[in-house]
Amino acid sequence: MDQNRDSLKTTNPIAGLPGAVFEKVWEVRWALKLTYVCLFMDMAFMNALSTPLLGFSGDMATVWENVGRIFVSIVVSCLVVSVCIPVLARMTAILGSYIPWHRLQSPRDYSLLHNHVTYSALKEHSLREGNEFLYDYWRRKSLQREEWRQQRFQAGVLVFGLVLMAIANAKVGAHYQLPGLMSYVTAYIGWEGYAVLGVITVCLLNWAWWSSDEIGQIYYPPLAEKLRKRDY
């Protein structure tokens with residue numbers, strides 16, 4: 001009986017799909033990307049079918065009659081997400097770097113934690129001693145640090161792109177005089193809610209793109225002890 005159940009799970013292409021979806025719900029990045037898709041579908045439906053996503057009745061005959069326009073909308077959405085938004089996000093990050101954000105941040109702490117040394121000190125020590133293990137340890141930690149920076153930047157790109165998609169959705173809905181998804185959001189939170197969301201968005205982008213990194217330090221007690229003795 002258990003073997004039959006297992007064989008059904010392996011042959012059923014959607015077996016385990018609900019559980020996988022619910023697991024993904026808790027991932028913020030996945031939720032933001034899903035919101036992208038919903039906003040794009042809403043705009044595509046308003047443009048191709050003259051109906052918003054929430055008003056779509058599931059009439060496949062209408063879909064097939066406008067399959068060309070839907071296909072073009074999908075292609076445009078792919079180009080916008082993969083090319084336009086990253087380029088605009090990079091330009092915004094560069095321009096925003098000229099704003100004196102440091103005045104809004106607390107002074108940077110340059111002190112090292114106990115038994116920690118800077119990345120440059122560990123690299124220099126590993127090269128001087130010819131210690132391959134230490135060099136690999138430094139490189140692995142440096143890659144992890146750089147990966148975290150990239151993840152922060154990409155999180156900012158997602159938030160920035162979502163803001164652009166929300167504005168575009170509102171513009172398309174107003175152009176076709178249809179109640180798009182953003183019209184429901186406006187009716188629910190009002191302009192005061194947009195002010196709060198605007199402040200939250202700026203804070204998120206500041207954290208992702210413009211906030212100062214903490215001083216790079218890595219745990220290695222032997223070198224930390226050696227440097228303390230030298231300083232004393």
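Residue by residue, here is whether (1) β-branched (Val, Ile, Thr); (2) assigned to a helix (DSSP H, G or I) holds:
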| site | (1), (2) |
| --- | --- |
| Asp42 | no, yes |
| Gly58 | no, no |
| Phe71 | no, yes |
| Ile94 | yes, yes |
| His114 | no, no |
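Just checking, does the range 169-180 include any residue being of a type in the set (Lys, Arg), at pLDDT 90 or above and farther than 30 Å from Leu112 by Cα? Scanning the range 169-180 turns up at least one residue that is of a type in the set (Lys, Arg), at pLDDT 90 or above and farther than 30 Å from Leu112 by Cα.
Just one of (1) within 26 Å of the chain's Cα centre (by Cα); (2) at pLDDT below 80; (3) among the aliphatic types (A, V, I, L, M) fails for Ala44. It is (2). Just so you know, in the range 56-78 the residues that are more than 19 Å from Leu181 (Cβ to Cβ) and small (Gly, Ala, Ser) include one that is surrounded by the fewest Cβ atoms within 10 Å (Cβ to Cβ), and it is Ala61. Checked against (1) outside any helix (DSSP H, G or I); (2) over 26 Å from Ala44 (Cα atoms), Leu178 meets all criteria but (2).
Do the conditions hold for Leu134, that is, is it touching a Ser or Thr at 6+ places or on another chain (Cβ under 8 Å) and of a type in the set (A, V, I, L, M, F, W, C)?
Working: touching a Ser or Thr at 6+ places or on another chain (Cβ under 8 Å): yes; of a type in the set (A, V, I, L, M, F, W, C): yes.
For Leu134, the condition - touching a Ser or Thr at 6+ places or on another chain (Cβ under 8 Å) and of a type in the set (A, V, I, L, M, F, W, C) - is met.
For Ile99, indicate whether it is loosely packed, with under 11 Cβ neighbours inside 10 Å, under 15 Å from Asn206 (Cβ atoms) and among the hydrophobic types (A, V, I, L, M, F, W, C). Against the criterion (loosely packed, with under 11 Cβ neighbours inside 10 Å, under 15 Å from Asn206 (Cβ atoms) and among the hydrophobic types (A, V, I, L, M, F, W, C)), Ile99 does not qualify. Within the range 174-200, residues that are hydroxyl-bearing (Ser, Thr, Tyr) sit with their Cβ atoms under 6 Å from residues that are at pLDDT 90 or above, at 6+ positions apart or across chains, in these pairs: Ser183/Gly173. May I ask you to list the residues in the range 204-216 that are closer than 18 Å to Met91 by Cα and either β-branched (Val, Ile, Thr) or surrounded by fewer than 14 Cβ atoms within 10 Å (Cβ to Cβ) (or both)? Answer for the range 204-216, where residues must be closer than 18 Å to Met91 by Cα and either β-branched (Val, Ile, Thr) or surrounded by fewer than 14 Cβ atoms within 10 Å (Cβ to Cβ) (or both): just Trp207.
The values are calculated or read from the model by the stated rules, or taken from the named source; none is laboratory data. Quick caveat, the model's predicted, so the values are computed rather than measured. Counting neighbours? That spans all protein chains shown, and the Cβs are built from the backbone with ideal geometry, glycine included.
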